[in-house]
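**Q** Have a look at the structure that comes next, please.
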Amino acid sequence: MERTALLLLICLAISVSPAIGFYGGSMTFTPGNRYPNGTVEMHFYYRESGRGPCDPHVSWFCESGDCGYLTYTEPKVTDQDHSNQNQWCQTERHLSTNITRNDPFILNGLSCCWPNNVNDVRELTLHTHVDTRRRSDTQSPNRSPVSAVIPDIRVPQNCFQSLQLLAYDPDGDDVRCNCSSCHQHPNINLDEDSCTLNRNGLLDMGLHVFELMLEDYPISNITLTNGNGMSLIRNTFNQTGNSDPTPLSQVPLQFVIEILPPVQSCVPGQDRPSFLTPTPIQGDVQHAAVGYAHIITLCAQSSGNSIVDFQISGPSNMSKILKNESHSIAVATLTWTPQEMDLHRHVPVCFTAETLHSQSEMRCIVVVVSKSKVLSGDAEVICEDHSISIVISKASMKEIDQNWLQLRDPTCSLTSNETHILGTVSLNTCGTTMEDSGDFLVFKNEINSFENPNAVITRRNQVKIGFSCQYPKVASVSSHYVKHKSDYIFTESSFGTFGYTFEIFIDKNFSSQVDPSLYPVEINLMDMLYMGIEARSTLPDVRLFVDSCRATPEDNLYTAHYYDIIKDGCILDDTVKVYQNDSTKYDLGIQAFKFTGDYNQVYITCSVILCADGSLNSRCAQGCLREPARKRRRDLNQETARHYISQGPFRVVRQTRTFASASEYGGSLHISASTGVFAGLFTVSLVLVGLLVYKTKALDHQHLLSSF
């Protein structure tokens, strides 16, 4: 009753105020000081987006539990539309309270209302679940997942494919985006694990409302203890055996996507802006220090429309300076100087490049605030055709142990000798990213320090070393990397530097691989595709294990559409034939298929492990696991981490010839002398219904992919 009355008062107040619209909100929280009497400070940072005057819409109150006495700061504008049209605005407000009982509580924000939208959603509630009990792994209350969005997301109707949301957790927990109780979108699929929205069909023009809850789950079992010493064991998401496990916390992430009229072209860099280096990549984690200016540089290009602004979602005291380098390239310099109250915060920053009629992709990063600046060290970078090596002088980083350093991909580590720390990665591996700088392709990675997640204290300095190599677009690296994935190189302490090749072969002899210049390979449905994976290591006695292989219609392992060929070491596709599976090679063939629907290309990604040959406890020795195994701790001396390698795309050629009999299928991969392209890829297409009479196995494929 009280909640309803409060909502009516809010709606009445807004009805007599200037016409404004709530466009979304996000909440993050983090614990502060713990006092001798057991009282804990909790700090909340709430961002709200809207149109019109930059005034807050949401009123916060305690729905259940002991929230203490909430204090508010005045909302501060983080960014707003400068075109005098009041198209978008975002504010940030700091809330704080002292908690004495250390028990869970729920904080709710009420407002009215969403603007007119295609979902006809009006009322909104921002629900925040907080647990201030002490975690056994961090010896501190839980910190919430971190996310944010820009104030105004807008995409032409024919250009929306997917939207990856920021889902970062300061405690290293698994984060899921829950939409079980929110409005459903028939033509949009939410991948809850990766927090990605994927389009399934055409979206209506107008505003689409999204009301998500970000939830965090520990990666290992932990104990939560309150001030009275009462404890509760909290299990991981995958080990509860419960279809509805309880998260550690829940924070809201609400926003609208405006679907605009279709445009002639969706090519990034032309009608829609595209980012250029040194713009940070999606999900990047940067480090800032209290009292020191932290600078983020954004660069974007748009040849069709001039870039007029960069839309930012960041902390309230972040400044923005725009500069047009040319008619088509614009740069934004973001500057933020963290204060004492920002110490230990994990601050989300999201951004897009704006033209009058279009918008770039949205990227989001996290800025972690420390007491002092991180170490950078002296490093030499060696750029090879297909790899990057880095050599760091130990003298420049005293008392730094390479065992606590890692590349952007945490499964990749480094080696060392008496004087230097060493690492080598290929252009595909260990989190190396490719960015466009106009005339060059820039491949970037970084070395970071990490801590024992169960340690309460540390005596190691924080390390961050970024390194990169740039290559002219006219060089061979462009075709080798963009089209054909070159060798994969990894480094781990116990196995040194090792690598994998993943190639497509012309026939089942596996003696002639497809020339990289002919990628993407064009192939016909139902032919056999021959693939070979080979491990290369300086160690003499190692064994290759292929744990999984997954096909996807895009170069994204976590897309909503996928088809598992091998899973948990078990072959799932019954057209697969393994020709060689010795200690370091795995050659196989598969009957070509395509994904049903409007897809004409396929990527294949496999996870591979290298083991010490003869080890009885390694993953290689376990082989095919029909039942999901409980997570186990790998033996660093017996096996490497699981690494992902991919190849593709393979494009499906439209078939014009008529097949006379089933005997014509299953041939080798052919090269046409006149075109230099290949025939042959992947079964399972609705257009081949007539042919399936001759191939009963293909019916199984049709069933497996019919849900996509």
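**Q** Pull up region 336-388, narrow it to residues that are over 25 Å from the mean Cα position of the chain (by Cα) and assigned to a strand (DSSP E or B), then point me to the one that is farthest from L427 (Cα to Cα).
**A** Looking at the filtered set, the residue picked out is L375.
**Q** Identify all residues within region 451-463 that are at pLDDT 70 or above and not β-branched (V, I, T); write none if there are none.
**A** Taking region 451-463 first, the residues at pLDDT 70 or above are 462-463.
Across region 451-463, the qualifying residue is only Q462.
**Q** Right, next: Of everything in region 416-433, what is touching a residue at least 40 places away in the same chain (Cβ under 8 Å) and either small (G, A, S) or at positive phi (or both)? Give them in sequence order.
**A** G423, S426, C430
**Q** Among the residues that make up region 603-618, is at least one of them farther than 25 Å from G499 by Cα, at pLDDT 80 or above and assigned by TED's automatic domain parsing to the domain that holds G648?
**A** Scanning region 603-618 turns up no residue that is farther than 25 Å from G499 by Cα, at pLDDT 80 or above and assigned by TED's automatic domain parsing to the domain that holds G648.
**Q** Got a sec? Which strands (runs of 3 or more DSSP E) wholly within region 184-271 have at least 3 residues that are buried (at least 19 other Cβ atoms within 10 Å of the Cβ), touching a Ser or Thr at 6+ places or on another chain (Cβ under 8 Å) and small (G, A, S)? Give the derivation first.
**A** On the way: elements: 188-191, 196-199, 206-217, 222-225, 231-234, 249-260.
Those strands (runs of 3 or more DSSP E) do not exist here; none qualify.
**Q** Which residues, taken from region 324-342, are more than 30 Å from S370 (Cβ to Cβ) and loosely packed, with under 13 Cβ neighbours inside 10 Å?
**A** The answer is N324, E325, S326, H327.
**Q** Modelled with pLDDT of 90 or more, over 23 Å from the mean Cα position of the chain (by Cα) and closer than 19 Å to I150 by Cβ - does that describe any residue in region 278-299?
**A** Checked region 278-299: no residue is modelled with pLDDT of 90 or more, over 23 Å from the mean Cα position of the chain (by Cα) and closer than 19 Å to I150 by Cβ.
**Q** On to the next question. Among the residues of region 68-76, is any among the polar types (S, T, N, Q), in the same structural domain as S96 (by TED's automatic domain parsing), touching a Ser or Thr at 6+ places or on another chain (Cβ under 8 Å) and within 15 Å of L107 (Cα to Cα)?
**A** Checked region 68-76: at least one residue is among the polar types (S, T, N, Q), in the same structural domain as S96 (by TED's automatic domain parsing), touching a Ser or Thr at 6+ places or on another chain (Cβ under 8 Å) and within 15 Å of L107 (Cα to Cα).
**Q** Quick one: in region 246-277, of everything that is of a type outside the set (A, V, I, L, M) and over 23 Å from the mean Cα position of the chain (by Cα), which residue is farthest from E361 (Cα to Cα)?
**A** Let us first name the residues in region 246-277 that are of a type outside the set (A, V, I, L, M), namely 246-247, 249-250, 252, 254-255, 258, 261-262, 264-266, 268-275, 277.
Checking the rest, the ones that are also over 23 Å from the mean Cα position of the chain (by Cα) come to 246, 261-262, 264-265, 270-271.
Working: T246: 33, P261: 17, P262: 16, Q264: 17, S265: 15, Q270: 13, D271: 12 Å.
For region 246-277, the residue satisfying everything is T246.
**Q** Hey, which of the strands (runs of 3 or more DSSP E) in region 36-148, taking only ones fully inside, have at least 2 residues that are aliphatic (A, V, I, L, M)?
**A** Per the criteria, 40-51, 89-99, 105-111, 124-130.
**Q** Follow-up. Is it true that S537 is in contact (Cβ under 8 Å) with a residue 24 or more places away in the chain, under 27 Å from D193 (Cβ atoms) and surrounded by 14 or more Cβ atoms within 10 Å (Cβ to Cβ)?
**A** Here the answer is no, as S537 does not meet what is asked.
**Q** Given (1) part of a loop (DSSP other than H, G, I, E, B); (2) under 17 Å from D587 (Cα atoms), identify the lone condition not met by D555.
**A** Unmet condition: (2).
**Q** Taking the stated definitions as given, is R345 touching a residue at least 60 places away in the same chain (Cβ under 8 Å) and over 23 Å from L163 (Cα atoms)? Walk me through it before giving the result.
**A** On the way: touching a residue at least 60 places away in the same chain (Cβ under 8 Å): yes; over 23 Å from L163 (Cα atoms): yes.
Spelling it out, R345 is indeed touching a residue at least 60 places away in the same chain (Cβ under 8 Å) and over 23 Å from L163 (Cα atoms).
**Q** Tell me which residues, restricted to region 522-552, are closer than 18 Å to T584 by Cβ and outside any strand (DSSP E or B).
**A** Residues satisfying the conditions are T538, L539, P540, D541.
**Q** Quick check on I307: is it in contact with a Lys or Arg (Cβ under 7 Å, 6 or more places away or on another chain) and surrounded by 18 or more Cβ atoms within 10 Å (Cβ to Cβ)?
**A** No: the conditions fail for I307.
**Q** Would you mention how many residues in region 580-624 are in contact (Cβ under 8 Å) with a residue 24 or more places away in the chain, of a type in the set (S, T, N, Q) and assigned to a strand (DSSP E or B)?
**A** Total satisfying the criteria: 5.
**Q** Run down C606, C570 and say which single residue is touching a Lys or Arg at 6+ places or on another chain (Cβ under 8 Å), crowded, with 19+ Cβ neighbours inside 10 Å and of a type in the set (A, V, I, L, M, F, W, C). If you could, list the steps in order and put the result at the bottom.
**A** Numbers: C570 fails: crowded, with 19+ Cβ neighbours inside 10 Å.
Only one candidate passes the filter, namely C606.
**Q** Then there's this: Which residue is modelled with the lowest pLDDT, if the candidates are limited to region 399-440 and must be hydrophobic (A, V, I, L, M, F, W, C) and closer than 16 Å to Q470 by Cβ?
**A** F440
The values are calculated or read from the model by the stated rules, or taken from the named source; none is laboratory data. Computed from a predicted structure; not experimentally measured. Quick reminder, even Gly has a Cβ in these numbers, built from the backbone with ideal geometry, and neighbours come from all protein chains shown.
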